[in-house]
Amino acid sequence: MNPFSNVTTWVFDLDNTLYPPSARLFDQIQTRMTEFIMDLLSLSEPEAQTLRRTYWQTHGTTLNGLMREHDMAPEPFLSAVHDISLDHLAPDEGLRSAIAALPGRKIIFTNGSRRHAERVSAARGLSDSFDAVYSIEDTGFHPKPEPHAYAQIFGKDPIDPVKAAMFEDEARNLEVPHRLGLRTVHVGPPTEAPYIHASTPDLTGFLSHLTRTLFPR
């Protein structure tokens, strides 16, 4: 049996998942993170870049590291780092149609802010494609891959883990969902791990193949 045949809830990450990495939005976000850290902690640019990477590796997100290590309020940071240009994004009718063809409930679950998720979804023509959008505010600012983040969201939304699938560009963010029983799809270069069921660089193609083979209309 195809592992996705009984899926009724489809969970999507946002950044570098619902748009291609070639849009390079995260380059802008990382630049703004570095600038924010420089101003907050009076660091040089190389020092701020190193700290940003270190906090991402050890705390899941730079934001989480700054909150834990420096008792920083999250809202100014989120506002600053997501104040970016979306000029490189365009509506994607193919992706919109592929998501619409999936049976059941579709949600976004992102480590970004709600405002960022709304802006990106609109720029991709996906504002009406999802039943719910869950952002870092909804987890109490606990990021994926922390188990608490998933517990918060899956506690808010009526998800049956064994009938759900999650799509993520960050492979490490799929380990907890796999443990909970979700089907897991890494969106990016071919990646193998015990907690990844499938890997694809082409989300639209992957979803279109699923609907053609498993859920024909």
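Any read-out appearing in this document is the output of simple, stated calculations on the displayed coordinates, not a laboratory observation. Predicted model, so just to flag it, every value in this text is computed and none were measured. Cβ coordinates were reconstructed from backbone atoms using ideal geometry, including for glycine residues, and neighbour counts include every protein chain displayed.
The label point for residue 192 and the one for residue 97, both projected 7 Å from the Cα toward the Cβ, are 3.5 nm apart. What whole-number distance in Å separates the alpha-carbon centres of segment 1-62 and segment 124-198? Here the two parts' Cα centres lie 15 Å apart. Eigen-decomposition of the gyration tensor built on the alpha-carbon atoms of segment 119-177 gives equivalent ellipsoid semi-axes of 20, 14, 13 angstrom, largest listed first. This model, with +1 at the C-beta of Lys and Arg and -1 at the C-beta of Asp and Glu, gives segment 1-143 a dipole about its Cα centre of some 400 debye.
Here r is the Cβ-Cβ distance between residue 215 and residue 122 and R0 is 22 Å; the resulting FRET efficiency, rounded to 0.05, is 0.25. For the chain, the longest principal axis of the Cα atoms and the long axis of helix 203-214 meet at an angle of about 20 degrees. Contact order for the chain, expressed relative to its length and based on alpha carbon pairs under 8 Å spaced 6+ residues apart, stands at 24 percent.
Compared with the dominant Cα axis of the chain, that is its longest principal axis, helix 114-123 is turned about 60°.
Computed over the chain, the per-residue total of -39500 (n - 2.57) for DSSP H runs of n ≥ 4 gives a 222 nm mean residue ellipticity of -13000 deg cm²/dmol, rounded to 500. I need the calculated FRET efficiency for the pair residue 71 and residue 26, taking r as the beta carbon distance and R₀ as 25 Å, to the nearest 0.05. It comes to 0.45. Of the options (i) 11.6; (ii) 11.0; (iii) 13.8, only one is mean projected area of the Cα convex hull in nm² as computed from these coordinates, and that is (i).
Summing charges over neighbours of residue 193, with a neighbour being any other residue whose Cβ is under 15 Å away from its Cβ, gives -2 when K and R count +1 and D and E count -1.
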